Amino acid sequence: MFREMRRKKQLLSTADTIAVLNRMTSGVLALLGDNDYPYAVPISYVYHENTLYFHSALAGHKVDAIAQNSKASFCVIEQDQIVPEEYTTYFRSAIAFGKISMVNDDVEKRTAIELLAEKYSPAQEEGRLKEIEKGFHHMCVIKLDIEHLTGKEAVELVRAGSK
């Protein structure tokens, strides 16, 4: 169903790909938007147990696109170092494909919001919990259940053994 990577030597292990997702703070969510145009939006996220969680306003282009089509992909770039003298870039990235939906269960929504808040404000527990209480019913949580996950890095990084 999903394509295999052509350059298998550059394929990151699942553990290394998840580590990329855990280290980074933003990526690009790709959806099928209005009039079947691709809609790609930069967004903050958290990875948890083969699921990516995002928060959102209750209405907008992203919410409308998700209501129309549940297929999505999400891309994170961890490294993008231009090496002019070699005419290349040293890159490391991860791409997730899966089904995207709104979180309607309050327990899962609360868990996701707390995971997001902890990722972005780790030392602010009291403040983030107050903020969650204040805005809980005015925010939307979206989840991407990952069906296929790949990570890839430049061949030069593979040769150097860096991860």
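Taken together, the values in this text are just the output of simple stated rules run on the coordinates, not laboratory data. What you see is a predicted model, and the numbers here were worked out from it, not measured in a lab. A quick note on method: Cβ atoms are made from the backbone with ideal geometry, for glycine too, and the neighbour counts reach across all protein chains shown.
Counting neighbouring Cβ atoms within 10 Å and putting the fewest first, the residues M1, M102 line up as M1, M102. Among H48, H138, H148, the largest mean-square fluctuation in a Gaussian network model of the chain (Cα springs under 10 Å) belongs to H138. Each residue of segment 123-133 was assigned a 3J(HN,Hα) from its phi angle through the Karplus curve 6.51 cos²θ - 1.76 cosθ + 1.60 (θ = phi - 60°); the sequence is 9, 10, 4, 4, x, 5, 5, 5, 5, 4, 4 Hz, with glycine and proline shown as x.
Build a GNM of the chain with springs between Cα atoms under 10 Å: which of E153, E133, E108 gets the top mean-square fluctuation? Comparing E153, E133, E108 in the GNM, the peak value goes to E133. When the label point is put 7 Å from the Cα of Y39 along its Cα-to-beta-carbon vector, which residues of segment 78-113 have a backbone N closer than 20 Å? Under cut-off, by backbone N: 96-104.
What number, in percent, do you get for the relative contact order of the chain if the mean sequence gap of Cα pairs under 8 Å and at least 6 apart is divided by its residue count?
On the way: 278 pairs, mean separation 49.5, N = 163.
Worked out over the chain, it gives 30 percent.
Of the listed pairs K9/K152; K109/K130; K71/K109; K109/K134; K62/K99, which have alpha-carbon separations greater than 18 Å here?
Numbers: K9/K152 9 Å; K109/K130 16 Å; K71/K109 20 Å; K109/K134 14 Å; K62/K99 14 Å.
Among K9/K152; K109/K130; K71/K109; K109/K134; K62/K99, the Cα-Cα distance tops 18 Å for K71/K109.
Each Cα pair under 8 Å and six or more residues apart adds its separation to the average, and for segment 31-93 the resulting relative contact order is 28 percent.
Global size of the chain: 17.3, 53 Å for Rg and Dmax (C-alpha atoms, Rg to one decimal, Dmax whole).
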